[in-house]
Structure formats: structure tokens, C-alpha cells
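Q: Got a structure here, written out as C-alpha cells. Questions coming.
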Amino acid sequence: MNIWFPASIALIVALIPCAVTTLRGSLLDRLAGLELTGVVMAQLFVLLAVGMDRVAFVDLGLAATLLTFGGGLVFARFLERWL
Amino acid sequence: MSILVGALVGIGVLLILFSCIGAMVMRDPYQRLHYIAPPASIAPFFFAIALFVGESDRAAGWKMFLVFILLNATNGVVTHATARAMRIRSGKPIGDLTAEERA
């Protein structure tokens, strides 16, 4: 057992308030919750990969970071104009 | 060394936990946006340092550092775009204050 597993579990627990934020409130409250969830998930992937000693899976965190960026922009644009 | 790694990871985790709770508690979407900044800009830095110090394989540390740079670079853009979308949806002018906001 290394430090990375408890840290990963703590980040999974941190996803609960992110989920509450994303499921409640107005559309824009939910978008803020979604973006926060994406940021937490990106780091969770890295910590899980290191905890399981699978360094190759750290790339999931990189991919999640980029996708969070793109997804956040797409949602913001759609909410601005069409939804 | 393990104490240092534990401290760095603990700081990063606590930062993220408190930011998530703060975002949940806030009532205004503009205020919630502020709580995205610490997990995006500070926590990955602590994780990257912990990985460099604690792990013999430096690849994970460099990748986490890259995550830190990407999150730092993109978070401001996304937050600005989201706040702009909020402003437009509220019907208020962009780039200028209303009379109520000026008072």
C-alpha cells in the first residue's frame, strides 16, 4: 500500500460534492460542476495509475485534461447561444 | 522522504476536497467558478513534486507536470468562456456594467 491509493480514494470522495453540484441548480451551475469534475478526474487518473504502478496509464490524465478543456468550451458556447 | 511525499500529496488532496465542497456550497454560479482554480492550478503542482520526490521512475512526474501546465493554461480560458456564457444568458451587457452594478 502506497500513499497514492488513499489519495485516489480521497479524490473519489471529492467527486461526491462535484456530482451534487452537477446534478443540482441551474444549467450554468451544472456546467461549473462539470468542469470541476473534469479537473478532479484528470488528476484522479494520474494518481490511480501511479498507485497501481502502471505509468503508461498516466496518459489517461493527459487525455482527460484536454477533453475537459474542449468539452467545457463546447458546452459554454452552446449555453451561450442555443440552449 | 515518505513524510515529505505524504505531506505534498495531503496538501493537494485537501485542496481539491475543500474546493469541491466550496463549489457545492456556493449559491451563485459565478462563485462556483472560482473554486475550480485551486484544483486546476495548485494541486497538480504538489502532485508533480511528490511524484518527482517519491517515485524512482520520473516519467509519471513529468506527465503530471504536463497535466499541471495544461490545466493551468486551459482553466483560465474555460472559466472565462463559462462566465461569458453566464453573462450572455442573464441578458446583461458584456464588457460593461449595468447601472445597478455600478452603484
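Q: Determine, yes or no, whether A:Gly33 is within 14 Å of the chain's Cα centre (by Cα) and farther than 20 Å from B:Ala43 by Cα. Spell out how you get there, then give the answer.
A: Numbers: within 14 Å of the chain's Cα centre (by Cα): yes; farther than 20 Å from B:Ala43 by Cα: no.
No; evaluated as a whole, the condition is false for this residue.
Q: From the list B:Ala85, B:Ala60, B:Ala81, exactly one residue is open to solvent by less than 40 Å² (accessible area, probe 1.4 Å) and either more than 9 Å from chain A (Cβ to nearest Cβ) or closer than 22 Å to A:Ala19 by Cβ (or both). Which is it?
A: B:Ala85
Q: Within the bounds of segment B:61-78, is there any residue that is in a helix (DSSP H, G or I), aliphatic (A, V, I, L, M) and touching an Asp or Glu at 6+ places or on another chain (Cβ under 8 Å)?
A: Yes, segment B:61-78 has at least one match.
Q: Would you mind finding the one in A:Ile9, A:Ile3, A:Ile16 that is within 9 Å of another protein chain (Cβ to nearest Cβ), of a type in the set (Val, Ile, Thr) and open to solvent by 70 Å² or more (accessible area, probe 1.4 Å)?
A: A:Ile16
Q: I'd like the residue in segment B:32-46 that is part of a helix (DSSP H, G or I) and more than 9 Å from chain A (Cβ to nearest Cβ) and, out of all such residues, is surrounded by the most Cβ atoms within 10 Å (Cβ to Cβ).
A: The extreme case among them is B:Phe46.
Q: Follow-up. Given B:Ala60, B:Ala103, B:Ala99, B:Ala40, which one is at pLDDT 90 or above and not acidic (Asp, Glu)?
A: B:Ala40
Q: Is there any pair linking a residue in segment A:64-83 that is closer than 11 Å to B:Ile88 by Cα and open to solvent by less than 30 Å² (accessible area, probe 1.4 Å) to one that is part of a helix (DSSP H, G or I) and among the hydroxyl-bearing types (Ser, Thr, Tyr), with Cβ under 9 Å and at least six apart or on different chains, and which?
A: From residues that are closer than 11 Å to B:Ile88 by Cα and open to solvent by less than 30 Å² (accessible area, probe 1.4 Å), the pairs are A:Ala76/B:Thr82; A:Leu79/B:Thr82.
Q: Hey, among the residues in segment B:14-28 that are more than 15 Å from the chain's Cα centre (by Cα) and not hydrophobic (A, V, I, L, M, F, W, C), which one's most open to solvent (accessible area, probe 1.4 Å)? Quick ask: steps written out before the conclusion?
A: Here is the first cut: in segment B:14-28, the ones more than 15 Å from the chain's Cα centre (by Cα) are B:25-28.
From what is left, the residues that are not hydrophobic (A, V, I, L, M, F, W, C) are B:27-28.
Working: B:Arg27: 214, B:Asp28: 58 Å².
My answer is B:Arg27.
Q: Let me ask something additional. For segment A:63-83, indicate whether the set of residues that are touching a Lys or Arg at 6+ places or on another chain (Cβ under 9 Å), facing another protein chain (nearest Cβ under 7 Å) and within 22 Å of B:Phe45 (Cα to Cα) is non-empty.
A: no
Q: Being closer than 26 Å to A:Ile12 by Cβ and out of contact with any Gly (no Cβ under 7 Å at 6 or more places or on another chain): is that true of B:Ile49 here?
A: Values: closer than 26 Å to A:Ile12 by Cβ: yes; out of contact with any Gly (no Cβ under 7 Å at 6 or more places or on another chain): yes.
Against the criterion (closer than 26 Å to A:Ile12 by Cβ and out of contact with any Gly (no Cβ under 7 Å at 6 or more places or on another chain)), B:Ile49 qualifies.
The values are calculated or read from the model by the stated rules, or taken from the named source; none is laboratory data. Nothing here was measured: the structure is a model prediction, and the numbers come from that model. Methodologically, a virtual Cβ is constructed for each residue, glycine included, from the backbone with ideal geometry; neighbour enumeration extends over all protein chains shown. What goes into the accessible areas is simple: the full protein's heavy atoms, side chains included, and nothing from ligands, DNA or RNA. Shrake-Rupley method; radii C 1.70, N 1.55, O 1.52, S 1.80 Å.
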